[in-house]
Amino acid sequence: MSSSQVQVAVLEIAPHPADPTGAMVMLGREGIQPFPVFIGILEAQSIALPLQGMTPPRPMTHDLMMTLLAEAGYRLESILINDLRDSTFFAQL
């Protein structure tokens, strides 16, 4: 991780204050002021389930991707959010 990158963790998932179809994820880590990231309600649910120790009745798309990577002998080590365009985050895996 370079000096300009910041490692974060999910602190809290809450309803979006102005949009009933969205949610707010609070991110932060050791000494970093928490900041909100606004996402869709379905994305919030997919993040919240494993944090609550719950497993959905069938695999979600990201679960299938992780299984595919593992079966091919790869491991996801990091996600780098490197752009924000039209309220959409872009990342390098």
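The values are calculated or read from the model by the stated rules, or taken from the named source; none is laboratory data. All figures in this text were calculated on a predicted structure; none of them were measured in a lab. In this analysis, Cβ positions are derived from the backbone assuming ideal geometry, glycine residues included, and neighbour counts consider all displayed protein chains. Please note that ligands, DNA and RNA were not included when accessible areas were found on the heavy atoms of the full protein model with its side chains. Shrake-Rupley method; radii C 1.70, N 1.55, O 1.52, S 1.80 Å.
Overview of values
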{"item": "Extreme residue, most open to solvent (accessible area, probe 1.4 Å), among residues of region 58-93 that are more than 22 Å from residue 5 (Cα to Cα) and β-branched (Val, Ile, Thr)", "result": "61"}
{"item": "Residue count for region 9-54, restricted to those that are touching a helix residue (DSSP H, G or I) at 6+ places or on another chain (Cβ under 7 Å) and part of a loop (DSSP other than H, G, I, E, B)", "result": "1"}
{"item": "From the options 22, 40, 53, 31, residue that is over 13 Å from the mean Cα position of the chain (by Cα) and surrounded by 12 or more Cβ atoms within 10 Å (Cβ to Cβ)", "result": "22"}
{"item": "Number of the exception - residue 46 against (1) surrounded by fewer than 12 Cβ atoms within 10 Å (Cβ to Cβ); (2) out of contact with any strand residue (DSSP E or B) (no Cβ under 9 Å at 6 or more places or on another chain); (3) at pLDDT 85 or above", "result": "(1)"}
{"item": "Residues located in region 60-93, provided they are farther than 24 Å from residue 22 by Cβ and in a loop (DSSP other than H, G, I, E, B)", "result": "72, 73, 74, 75, 76, 77, 78"}
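Rundown of residues vs (1) under 24 Å from residue 92 (Cα atoms); (2) at pLDDT 85 or above, yes/no style:
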position: 5; (1), (2): yes, no
position: 26; (1), (2): yes, no
position: 29; (1), (2): yes, no
position: 35; (1), (2): yes, no
position: 42; (1), (2): yes, yes
position: 55; (1), (2): no, yes
position: 62; (1), (2): yes, yes
